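To start, the structure under review is shown below, and the notes come after it.
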Amino acid sequence: MTLTEKDSQYLWHPYTQHKTAQTPIAISRGEGVLLWDENGKEYIDAIASWWVNPFGHSNKFIADAIYKQLTTLEHVLFGGFTHEPAIKVAERLMEILPKNQQKIFFSDNGSTAVEVAIKVALQYFFNKNEKRTTIIAFENAFHGDTFAAMAASGISFYTQAFQGMFIDVVRIPVPVKGKEQESFDALKNVIEKHNCAGFIFEPLVQGAAGMVMYEPEALAKLIQICKTSKVLTIADEVMTGFGKTGKTFAMDYVSEEPDMICLSKALTGGTIPMAITTFTQEVFDAFYDDDINKALFHGHTFTANPTGCAAALASMDLLQTDEMQANIQRINKSHLVFQKKIEKHSKVITARTLGVIFAVEIKSDSAESYYGSMRNKLYNFFIEKGAILRPVGNIVYILPPYIMTDDQLQKVYSIIEEAIEMV
Ligand SMILES: *Cc1c(COP(=O)(O)O)cnc(C)c1O
């Protein structure tokens, strides 16, 4: 049996209707921005394998750090014990996070990072004997697939089977250009009408919605509104963190600081699943008490896994090199040139860029759904051409590893141009 035949016998894939899905491609090797399937066909990974891989596949520097940690202390429980890798990750993050972030909590993936933040927001008010149970989130947000994260997410594909079983979430419009006031007014209205504990948002770019972008000034204003009413703010930087927006964190563009930040995806350079939720001292202090019931009773078996921490440290080393910072700026400039060229195309509605993130919306005759026919046509065209790009409806985006060369970028651009001609 081939790998794909065995796969279909045993495996259940994420976001996949197995009855109608195409067979998956078996990848056997990765190096830099390239992947090879079992037949030797080469693919360029233009979306950094779901946004996790800034420094390329099979990165030797991170692999060495992982190996060294695996042969020193691979794992130890974090309940009642601590270790240097976790402490070093905390110290490194304190240097680069917004200044008000003082405490870090480890978990395993983006969804759990969000789950922790939402639970902390709710328990913060419980501990203070205040009844606040509503979470505010943006329309079309994506915060993950565990229950609270899913409740905060607004993309129906992911949530429709579970309606009526969620914590209270109220949605406000994203403050995209021209809709800022509507968003501010909606937030004020929600805060007035509900007992709001927290506001969770993807700062500046909504990834899964199709790289929907909005301005830092608008986000600052929304955070100010929350602060006046003591609503906790949660920046979900799971996608935007670690350089994607051109700064280390998207919140670095924003004049207001959030109460909590969620990190995962690029944290370990795309190697080991790990996530972190960070907090202000003030949030932490609401749990600091003689009463054990006020503690945060949340944890995961692999919390602060030392091997993951070693990968995160190596990954932050790479991110902070001048070379990597120059790569990020180079990709950004390149995207802006391509954007200028492509946005005039008669089949293009709009194109946008922030940092290494580029997105183009293609005109479509029918209303395009998330996993609709245009999306599938585009996806298959890209795969045939050897480019891994996963369009969201009629939106094609690029989120490359930062080491993608100019030639490779040009190749991805021309494949996208061909695709636009084709549809
Ligand atoms: C991917 C993502 C998540 C969920 O992360 P997982 O590791 O897939 O659980 C949460 N928030 C945002 C903004 C994301 O992009």
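The values are calculated or read from the model by the stated rules, or taken from the named source; none is laboratory data. All values reported here derive from a predicted model rather than from experimental measurement. All Cβ positions, even for glycine, are placed from backbone atoms using ideal geometry, and neighbour counts span all protein chains on display. Note: areas computed on protein heavy atoms with side chains; ligands, DNA, RNA excluded. Shrake-Rupley method; radii C 1.70, N 1.55, O 1.52, S 1.80 Å.
Quick one: in the stretch 30-65, of everything that is within 16 Å of the ligand (Cβ to nearest atom) and among the aromatic types (Phe, Trp, Tyr), which residue is surrounded by the fewest Cβ atoms within 10 Å (Cβ to Cβ)? Give the derivation first.
Restricting attention to the stretch 30-65, the residues satisfying the condition of being within 16 Å of the ligand (Cβ to nearest atom) are 47-54.
Checking which are among the aromatic types (Phe, Trp, Tyr) leaves us with 50-51.
Details: Trp50: 17, Trp51: 23.
Across the stretch 30-65, the extreme among qualifying residues is Trp50.
Confirm whether Glu421 is more than 26 Å from Tyr158 (Cβ to Cβ), outside any strand (DSSP E or B) and open to solvent by 70 Å² or more (accessible area, probe 1.4 Å).
Numbers: more than 26 Å from Tyr158 (Cβ to Cβ): yes; outside any strand (DSSP E or B): yes; open to solvent by 70 Å² or more (accessible area, probe 1.4 Å): yes.
Spelling it out, Glu421 is indeed more than 26 Å from Tyr158 (Cβ to Cβ), outside any strand (DSSP E or B) and open to solvent by 70 Å² or more (accessible area, probe 1.4 Å).
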> Checking Tyr158 against (1) touching a helix residue (DSSP H, G or I) at 6+ places or on another chain (Cβ under 8 Å); (2) away from the ligand (no atom under 12 Å from the Cβ); (3) farther than 20 Å from Pro203 by Cα; (4) of a type outside the set (Asp, Glu), which test does it fail?
Replying inline: (2)
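This table checks each residue for (1) assigned by TED's automatic domain parsing to the domain that holds Thr271; (2) over 16 Å from Lys244 (Cα atoms); (3) touching a Phe, Trp or Tyr at 6+ places or on another chain (Cβ under 8 Å); (4) without any contact (Cβ under 8 Å) to a residue 12 or more places away in the chain.
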site: Glu42; (1), (2), (3), (4): no, yes, yes, no
site: Pro54; (1), (2), (3), (4): no, no, yes, no
site: Tyr67; (1), (2), (3), (4): yes, yes, no, yes
site: Leu70; (1), (2), (3), (4): yes, yes, no, no
site: Glu74; (1), (2), (3), (4): yes, yes, no, no
site: Phe81; (1), (2), (3), (4): yes, yes, no, yes
site: Ile87; (1), (2), (3), (4): yes, yes, no, yes
site: Arg92; (1), (2), (3), (4): yes, yes, no, no
site: Leu97; (1), (2), (3), (4): yes, no, yes, no
>> Taking the condition of being in contact with a helix residue (DSSP H, G or I) (Cβ under 8 Å, 6 or more places away or on another chain) and open to solvent by 10 Å² or more (accessible area, probe 1.4 Å), how many residues in the stretch 243-263 meet it?
In response: 9
> How many residues are at negative phi, small (Gly, Ala, Ser) and within 16 Å of the ligand (Cβ to nearest atom) if we restrict to the stretch 253-293?
Replying inline: 3
>> Can you go through Lys131, Lys99, Lys119, Lys103 and tell me which one is open to solvent by 20 Å² or more (accessible area, probe 1.4 Å), part of a loop (DSSP other than H, G, I, E, B) and under 18 Å from Phe284 (Cα atoms)?
In response: Lys99
> Would you pick out the residues in the stretch 213-227 that are touching a Phe, Trp or Tyr at 6+ places or on another chain (Cβ under 6 Å) and within 16 Å of the ligand (Cβ to nearest atom)?
Replying inline: none
>> Looking only at the stretch 139-155, count every residue that is away from the ligand (no atom under 11 Å from the Cβ) and either more than 21 Å from Lys265 (Cα to Cα) or not in a loop (DSSP other than H, G, I, E, B) (or both) and tell me the total.
In response: 4
>> Need a quick list: helices (runs of 4 or more DSSP H) entirely within the stretch 1-73 having at least 2 residues that are β-branched (Val, Ile, Thr).
In response: 60-70
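Just name the residue that is nearest to Asn129 (Cα to Cα) out of those in the stretch 244-294 that are free of Cβ contacts under 8 Å to residues at least 24 places away in the same chain and assigned to a helix (DSSP H, G or I).
So the first thing to find is which residues in the stretch 244-294 are free of Cβ contacts under 8 Å to residues at least 24 places away in the same chain, and the list is 282, 285, 288, 290-293.
Retained after the next criterion (residues that are assigned to a helix (DSSP H, G or I)): 282, 285, 292-293.
On the way: Glu282: 16, Asp285: 14, Ile292: 15, Asn293: 13 Å.
Top of the filtered list is Asn293.
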> So Ala113 clears everything in (1) over 19 Å from Thr248 (Cβ atoms); (2) in contact with a strand residue (DSSP E or B) (Cβ under 8 Å, 6 or more places away or on another chain) except one condition, right? Which one?
Replying inline: (1)
>> Can you tell me which residue is most open to solvent (accessible area, probe 1.4 Å) among those in the stretch 161-212 that are of a type in the set (Asp, Glu), more than 16 Å from the ligand (Cβ to nearest atom) and closer than 27 Å to Asp252 by Cβ?
In response: Glu182
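Give the residues of the stretch 23-40 that are of a type in the set (A, V, I, L, M) and in contact (Cβ under 8 Å) with a residue 40 or more places away in the chain, sorted by residue number.
Taking the stretch 23-40 first, the residues of a type in the set (A, V, I, L, M) are 25-27, 33-35.
Result: Ile25, Val33, Leu35.
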